[in-house]
Amino acid sequence: MKDRDAVVGGLRALAREDANLDVKALTGHPGWYRLRVGNWRVLYYSDPPGIVIERIVNRRDLERAVNTL
């Protein structure tokens, strides 16, 4: 439940466009980004007027998830 609350909080912060988020562009995947929330990674892209969340994965599964985008 603690991890879920942290991820939900991260998604809400992303929606508010908070300044202190750990967001990076994904190398080799133009337009895709990852948000780091503890051991979890949120893969998303911008689709105005909002964002589209593709996956939420554990950090150990990030490389495999990115390769399937």
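The values are calculated or read from the model by the stated rules, or taken from the named source; none is laboratory data. Treat the numbers as computed from the prediction; the structure is a model and nothing was measured. Glycine gets a Cβ as well: all are built from the backbone with ideal geometry, and neighbour counts include every protein chain shown. Accessible surface areas use protein heavy atoms only, side chains included; no ligands, DNA or RNA. Shrake-Rupley method; radii C 1.70, N 1.55, O 1.52, S 1.80 Å.
So here's what we get for this one:
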quantity	calculated
With all protein chains modelled, accessible area of L69 [1.4 Å, Å²]	60
Nearest-10 value in Å² for the accessible area of D47, using the 1.4 Å probe	80
Computed label-point distance, nm, for sites N39 and D22 using a 7 Å Cα→Cβ extension	1.3
GluC sites (Glu not before Pro) restricted to DSSP loop in the chain with at most 13 other C-beta within 10 Å	E17
Gain in span if fully extended, S46 to D5, counting 0.36 nm per residue against the direct Cα distance	12.5 nm
More than 20 angstrom apart: percent of Cα pairs within the chain	23
Net charge over other residues, Cβ less than 14 angstrom from the Cβ of G50 (K, R count +1; D, E count -1)	-1
Helix-only [θ]222 nm of the chain, DSSP H runs n ≥ 4, -39500 (n - 2.57) each, per residue, nearest 500	-9000 deg cm²/dmol
Whole-number accessible area per residue in Å² for the chain, which is evaluated in the context of all protein chains at 1.4 Å	73
Carbon/sulfur fraction of accessible area - the chain, other protein chains in place, 1.4 Å, %	48
